[in-house]
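Working notes, structure below.
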Amino acid sequence: VQLQASGGGLVQAGDSLRLSCAASGRSFSTYGMGWFRQARGEQSEFVSGINWNGQNTGYADVLKGRFTISRDNTKNMVYLQMNNLRPEDTAVYFCARSRTDDYYRQVYQYTDWGQGTLVTVSS
(Lines give C-alpha, C1' and ligand atoms only; values in the text may rest on other atoms or scores of the structure.)
Protein backbone atom coordinates (compact mmCIF):
# COMPACT_ATOMS: atom_id res chain seq x y z
CA VAL A 1 0.00 0.00 0.00
CA GLN A 2 1.11 3.57 -0.64
CA LEU A 3 0.35 6.29 1.86
CA GLN A 4 0.34 10.03 1.36
CA ALA A 5 -0.10 12.43 4.23
CA SER A 6 -1.22 16.01 3.65
CA GLY A 7 -2.72 18.96 5.44
CA GLY A 8 0.26 20.27 7.33
CA GLY A 9 1.26 23.90 7.41
CA LEU A 10 2.25 26.88 9.48
CA VAL A 11 -0.27 27.91 12.10
CA GLN A 12 -0.37 29.88 15.31
CA ALA A 13 -0.76 28.45 18.76
CA GLY A 14 -4.40 27.70 19.45
CA ASP A 15 -5.26 27.04 15.80
CA SER A 16 -6.52 23.80 14.33
CA LEU A 17 -5.43 21.60 11.46
CA ARG A 18 -6.77 18.45 9.93
CA LEU A 19 -4.27 16.03 8.51
CA SER A 20 -5.30 13.53 5.89
CA CYS A 21 -3.74 10.28 4.85
CA ALA A 22 -4.70 8.81 1.50
CA ALA A 23 -4.04 5.13 0.99
CA SER A 24 -3.91 3.17 -2.22
CA GLY A 25 -4.68 -0.50 -2.40
CA ARG A 26 -7.74 -2.60 -1.75
CA SER A 27 -6.58 -3.94 1.62
CA PHE A 28 -6.67 -0.60 3.43
CA SER A 29 -9.93 -1.28 5.25
CA THR A 30 -8.67 -4.42 6.96
CA TYR A 31 -5.69 -2.81 8.69
CA GLY A 32 -5.18 -0.60 11.66
CA MET A 33 -3.62 2.78 11.04
CA GLY A 34 -1.48 5.11 13.07
CA TRP A 35 -0.14 8.62 13.16
CA PHE A 36 3.35 9.31 14.42
CA ARG A 37 5.37 12.48 14.58
CA GLN A 38 9.00 13.36 14.63
CA ALA A 39 10.32 16.68 15.79
CA ARG A 40 13.73 17.87 14.65
CA GLY A 41 16.42 16.02 16.50
CA GLU A 42 13.95 13.75 18.25
CA GLN A 43 12.80 10.19 17.81
CA SER A 44 9.46 9.35 16.31
CA GLU A 45 6.63 9.21 18.78
CA PHE A 46 3.18 7.72 18.68
CA VAL A 47 0.39 10.23 18.23
CA SER A 48 -2.76 8.26 17.61
CA GLY A 49 -4.05 4.98 16.22
CA ILE A 50 -7.26 3.46 14.98
CA ASN A 51 -8.28 -0.10 14.32
CA TRP A 52 -9.69 -1.37 11.06
CA ASN A 53 -13.31 -0.37 11.60
CA GLY A 54 -12.76 2.75 13.66
CA GLN A 55 -14.22 1.28 16.83
CA ASN A 56 -10.96 1.31 18.77
CA THR A 57 -8.79 4.40 18.97
CA GLY A 58 -5.91 5.52 21.08
CA TYR A 59 -3.86 8.62 21.74
CA ALA A 60 -0.63 9.62 23.33
CA ASP A 61 -1.44 10.72 26.85
CA VAL A 62 -0.20 14.25 26.30
CA LEU A 63 -2.54 14.69 23.35
CA LYS A 64 -5.80 13.42 24.74
CA GLY A 65 -8.63 15.82 24.28
CA ARG A 66 -6.93 17.87 21.58
CA PHE A 67 -6.50 15.37 18.74
CA THR A 68 -9.09 13.10 17.16
CA ILE A 69 -8.40 10.30 14.73
CA SER A 70 -10.96 8.95 12.30
CA ARG A 71 -11.10 6.95 9.10
CA ASP A 72 -13.34 6.55 6.09
CA ASN A 73 -12.85 3.13 4.59
CA THR A 74 -15.04 3.97 1.62
CA LYS A 75 -12.49 6.62 0.63
CA ASN A 76 -9.32 4.90 1.88
CA MET A 77 -8.65 7.86 4.12
CA VAL A 78 -7.47 8.43 7.67
CA TYR A 79 -7.72 11.79 9.35
CA LEU A 80 -6.18 13.50 12.33
CA GLN A 81 -8.04 16.51 13.63
CA MET A 82 -5.70 18.62 15.73
CA ASN A 83 -7.15 21.36 17.88
CA ASN A 84 -5.60 23.91 20.18
CA LEU A 85 -2.19 23.36 18.66
CA ARG A 86 0.89 24.20 20.68
CA PRO A 87 4.46 25.02 19.62
CA GLU A 88 5.54 21.64 21.01
CA ASP A 89 3.30 19.96 18.41
CA THR A 90 5.69 21.14 15.72
CA ALA A 91 6.93 18.07 13.87
CA VAL A 92 6.67 16.05 10.71
CA TYR A 93 3.60 13.87 10.95
CA PHE A 94 3.50 10.45 9.36
CA CYS A 95 0.69 8.03 8.76
CA ALA A 96 1.42 4.34 8.78
CA ARG A 97 -0.31 1.04 8.24
CA SER A 98 -0.27 -1.51 11.02
CA ARG A 99 0.73 -5.11 10.50
CA THR A 100 -2.69 -6.28 11.72
CA ASP A 101 -6.26 -5.03 11.97
CA ASP A 102 -5.49 -3.14 15.16
CA TYR A 103 -3.22 -0.22 15.98
CA TYR A 104 -0.11 -0.19 18.14
CA ARG A 105 2.01 2.42 19.86
CA GLN A 106 5.31 1.04 18.64
CA VAL A 107 6.92 2.07 15.40
CA TYR A 108 8.03 -1.46 14.57
CA GLN A 109 4.43 -2.67 14.44
CA TYR A 110 3.84 -0.70 11.24
CA THR A 111 4.84 -1.97 7.84
CA ASP A 112 4.05 0.90 5.48
CA TRP A 113 4.75 4.59 5.92
CA GLY A 114 3.86 7.74 4.11
CA GLN A 115 6.28 10.58 3.43
CA GLY A 116 5.00 12.87 6.14
CA THR A 117 3.60 16.36 6.33
CA LEU A 118 5.18 19.19 8.28
CA VAL A 119 3.22 20.95 10.97
CA THR A 120 4.73 24.13 12.38
CA VAL A 121 3.06 25.91 15.27
CA SER A 122 4.28 29.37 16.12
CA SER A 123 3.85 30.92 19.53
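The values are calculated or read from the model by the stated rules, or taken from the named source; none is laboratory data. Here the structure is a predicted model, which means the values were calculated and not measured. Reconstructed Cβ throughout: ideal geometry from the backbone, glycine too, with neighbour counts over all protein chains shown. All accessible areas refer to the heavy atoms of the entire protein, side chains included, with ligands and DNA or RNA removed. Shrake-Rupley method; radii C 1.70, N 1.55, O 1.52, S 1.80 Å.
Tabulated data for the structure shown
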quantity: Ratio of the Cα radius of gyration of the stretch 1-58 to 2.2 N^0.38 Å, where N counts its residues; calculated: 1.30
quantity: Of the GluC sites (Glu not before Pro) in the stretch 33-109, those whose Cβ has at most 14 other Cβ within 10 Å and which sit in DSSP loop; calculated: E42
quantity: Residue list for the stretch 1-34, given a label point 7 angstrom along the Cα-to-Cβ vector of T68 and an amide N cut-off under 18 Å; calculated: 14-21
quantity: Largest to smallest accessible area among S27, S20 [probe 1.4 Å]; calculated: S27, S20
quantity: Rounded accessible area of L10 (nearest 10 Å², 1.4 Å probe); calculated: 140
quantity: The stretch 82-123: relative contact order in percent, alpha carbon pairs under 8 Å with at least 6 residues between; calculated: 54
quantity: Surface share of carbon and sulfur [accessible, 1.4 angstrom probe, percent] for the chain; calculated: 44
quantity: Rg/Rg_ref, the chain, where Rg_ref = 2.2 N^0.38 Å and atoms are Cα; calculated: 0.96
quantity: The stretch 63-109, Cα convex hull volume normalised per residue, Å³; calculated: 104
quantity: For the chain, size of Cβ-based charge dipole, Lys and Arg +1, Asp and Glu -1, in debye; calculated: 180
quantity: For the stretch 72-123, accessible area per residue (1.4 Å probe, heavy atoms of protein chains only), Å²; calculated: 51
quantity: Exposed-loop-free span, longest in the chain, where trypsin sites (Lys or Arg not before Pro) count as exposed if DSSP calls them loop and at most 14 other C-beta atoms lie within 10 Å; calculated: 1-25
quantity: Y104 accessible area, assembled protein chains, probe 1.4 Å, Å²; calculated: 50
